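Have a look at the structure below, then the notes.
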Ligand code: GLN
């Protein structure tokens with residue numbers, strides 16, 4: 001077995017037993033990147049020298065006795081997490097040369113535990129997209145099937161983990177961007193409750209929806225990562241003072257007495273048959289494990305896409321106003337006046353999808369339209385949250401598909417943004433409601449493309465999701481699978 005094939009928990013044991021050093025593990029991942037990244041295109045930058053230094057430091061800590069659980073483990077980071085001294089592009093030309101002077105809190109937490117960062121991975125520009133095709137630098141490819149999308153916006157996170165270029169990754173999820181690429185690439189992706197993980201140092205897309213979370217090869221690793229990144233941070237005013245459990249403890253609990261809700265609205269028209277079959281068999285596995293299956297209703301589901309694209313775009317138009325060529329990154333050099341400089345910088349620096357969102361958002365916030373669009377969307381958002389509150393009176397978690405279909409061919413939705421937006425229909429409600437959501441591999445399509453299962457729970461109940469996901473992983477035996485590349 002090659003060291004890069006280990007999960008975090010397996011690598012932990014090997015490192016602690018001195019069967020393997022972090023330098024060997026890290027070198028093995030770097031070698032893997034050299035051999036497969038020309039095919040999967042996960043990385044925007046590989047920080048080889050720094051990674052090896054971090055690995056040597058981790059080996060010293062391990063030699064001294066009590067390393068932290070993530071010490072010596074190689075990770076990739078979505079390229080919107082600020083890394084001190086390392087370019088953070090956000091997948092955008094406008095930030096092509098942006099080198100942050102500080103680390104995001106989650107990066108600080110990983111480094112504080114002696115983790116190794118092998119590089120920064122591809123994403124849709126400013127996390128806007130569902131395929132990572134909106135990345136200005138490299139477009140990740142589905143490792144299970146060439147020519148198919150990896151999903152997005154954390155596509156590089158998903159491919160780097162699925163292709164075993166690193167043991168795990170951190171991504172971000174504003175409307176499904178961790179869960180959807182995890183589902184399409186056959187790995188585990190967890191979007192924590194809003195406020196569970198600090199967003200300090202995450203380049204903002206839509207601040208009331210964004211959340212950072214792990215993409216891993218199995219459920220145990222997801223729990224280990226949650227232990228490592230959760231917690232209140234005074235630098236993020238929306239982070240919440242909430243006890244942090246040991247998330248790995250929940251895994252060994254069975255499903256007896258756990259009520260699993262099935263929302264009829266998530267199984268309607270447009271759901272691909274193969275996806276439906278995989279979800280049905282997951283429901284059966286949970287039933288076999290002792291869970292009680294109940295029907296629930298989320299009646300406002302049909303409004304989610306409209307509400308999300310108004311709120312997310314409105315927040316984006318405000319957050320992205322700061323990229324004007326003055327303080328950050330790219331500046332047009334030919335303009336003759338200040339106004340021209342703003343216009344040219346933004347016209348040339350942003351890609352089409354980002355411009356589209358800024359236009360939609362600016363329109364929705366403008367006087368005369370604010371009440372009809374932004375305010376109305378915010379009101380419906382509360383109804384969506386109430387749907388979940390009501391549903392959780394009769395169940396402990398909700399099971400559903402992650403996406404209506406498996407991965408599609410690259411370019412299939414090019415030129416049809418609405419079709420792309422509609423593919424997010426099953427993931428965006430968790431962000432609107434602020435609840436946690438997880439994607440765990442459930443099976444494969446006849447074409448060999450992975451299909452994930454989505455589990456959503458009440459606020460701060462990540463443990464129940466991890467427990468159910470772990471039971472599914474035991475049933476499907478799909479943890480830590482690697483495609484032939
Ligand atoms: N696909 C959605 C969008 O384009 C979600 C993106 C995300 O979660 N960052 O906005």
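The values are calculated or read from the model by the stated rules, or taken from the named source; none is laboratory data. Because the structure is a prediction, the values reported are computed rather than measured. Quick reminder, even Gly has a Cβ in these numbers, built from the backbone with ideal geometry, and neighbours come from all protein chains shown.
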Which residue pairs have Cβ atoms closer than 9 Å, lie 6 or more positions apart in sequence or on different chains, and pair a first residue in the stretch 190-209 that is closer than 14 Å to residue 240 by Cβ with a second residue that is surrounded by fewer than 23 Cβ atoms within 10 Å (Cβ to Cβ) and modelled with pLDDT under 95?
193/242; 195/242; 196/242
Among the residues of the stretch 406-445, write down those that are within 12 Å of the ligand (Cβ to nearest atom) and not in a helix (DSSP H, G or I).
413, 423, 424, 425, 426, 427, 437
Here are some conditions: (1) touching a helix residue (DSSP H, G or I) at 6+ places or on another chain (Cβ under 8 Å); (2) exposed (fewer than 12 other Cβ atoms within 10 Å of the Cβ); (3) in a helix (DSSP H, G or I). Residue 373 meets all but one. Which one does it not meet?
(2)
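This table checks each residue for (1) modelled with pLDDT of 95 or more; (2) crowded, with 24+ Cβ neighbours inside 10 Å; (3) within 16 Å of the ligand (Cβ to nearest atom); (4) assigned to a helix (DSSP H, G or I).
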residue	(1), (2), (3), (4)
161	yes, yes, no, yes
207	yes, no, yes, no
223	yes, yes, no, yes
234	yes, no, no, no
Are any residues in the stretch 277-294 surrounded by fewer than 19 Cβ atoms within 10 Å (Cβ to Cβ), touching a strand residue (DSSP E or B) at 6+ places or on another chain (Cβ under 6 Å) and not in a helix (DSSP H, G or I), and if so, which ones?
292, 293, 294
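Yes/no per residue for (1) more than 16 Å from the ligand (Cβ to nearest atom); (2) assigned to a helix (DSSP H, G or I); (3) over 29 Å from residue 414 (Cβ atoms); (4) at pLDDT 95 or above:
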| residue | (1), (2), (3), (4) |
| --- | --- |
| 329 | yes, no, no, no |
| 339 | yes, yes, yes, yes |
| 347 | yes, yes, no, yes |
| 359 | no, yes, no, yes |
Is the stretch 393-405 home to any residue that is more than 21 Å from the chain's Cα centre (by Cα), surrounded by fewer than 20 Cβ atoms within 10 Å (Cβ to Cβ) and either within 16 Å of the ligand (Cβ to nearest atom) or assigned to a helix (DSSP H, G or I) (or both)?
no
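Okay, residues lined up against (1) closer than 20 Å to residue 413 by Cα; (2) more than 9 Å from the ligand (Cβ to nearest atom); (3) under 16 Å from the mean Cα position of the chain (by Cα); (4) surrounded by fewer than 24 Cβ atoms within 10 Å (Cβ to Cβ):
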{"site": "137", "(1), (2), (3), (4)": "yes, yes, no, yes"}
{"site": "140", "(1), (2), (3), (4)": "yes, yes, yes, no"}
{"site": "150", "(1), (2), (3), (4)": "yes, yes, yes, no"}
{"site": "168", "(1), (2), (3), (4)": "no, yes, yes, no"}
Determine which member of the set 118, 197 is closer than 27 Å to residue 5 by Cβ and either within 13 Å of the ligand (Cβ to nearest atom) or in contact with a strand residue (DSSP E or B) (Cβ under 8 Å, 6 or more places away or on another chain) (or both).
118
Selection within the stretch 261-276 - touching a residue at least 40 places away in the same chain (Cβ under 8 Å) and either surrounded by fewer than 15 Cβ atoms within 10 Å (Cβ to Cβ) or under 18 Å from residue 445 (Cβ atoms) (or both)
267, 270, 271, 272, 274, 275, 276
Here are some conditions: (1) at pLDDT below 95; (2) more than 15 Å from the ligand (Cβ to nearest atom); (3) touching a helix residue (DSSP H, G or I) at 6+ places or on another chain (Cβ under 7 Å). Residue 453 meets all but one. Which one does it not meet?
(1)
Residue pairs meeting the criteria (Cβ under 6 Å; at least 6 apart or on separate chains; first at positive phi, in the stretch 440-468; second at pLDDT below 95)
460/242
Condition first: free of Cβ contacts under 8 Å to residues at least 40 places away in the same chain and touching a strand residue (DSSP E or B) at 6+ places or on another chain (Cβ under 8 Å). Now tell me which residues in the stretch 239-260 satisfy that.
244, 257
The number of residues in the stretch 12-39 that are farther than 23 Å from residue 143 by Cα and either in a helix (DSSP H, G or I) or within 23 Å of the chain's Cα centre (by Cα) (or both) is 8
Being modelled with pLDDT of 95 or more and crowded, with 24+ Cβ neighbours inside 10 Å narrows 175, 195 down to just 175
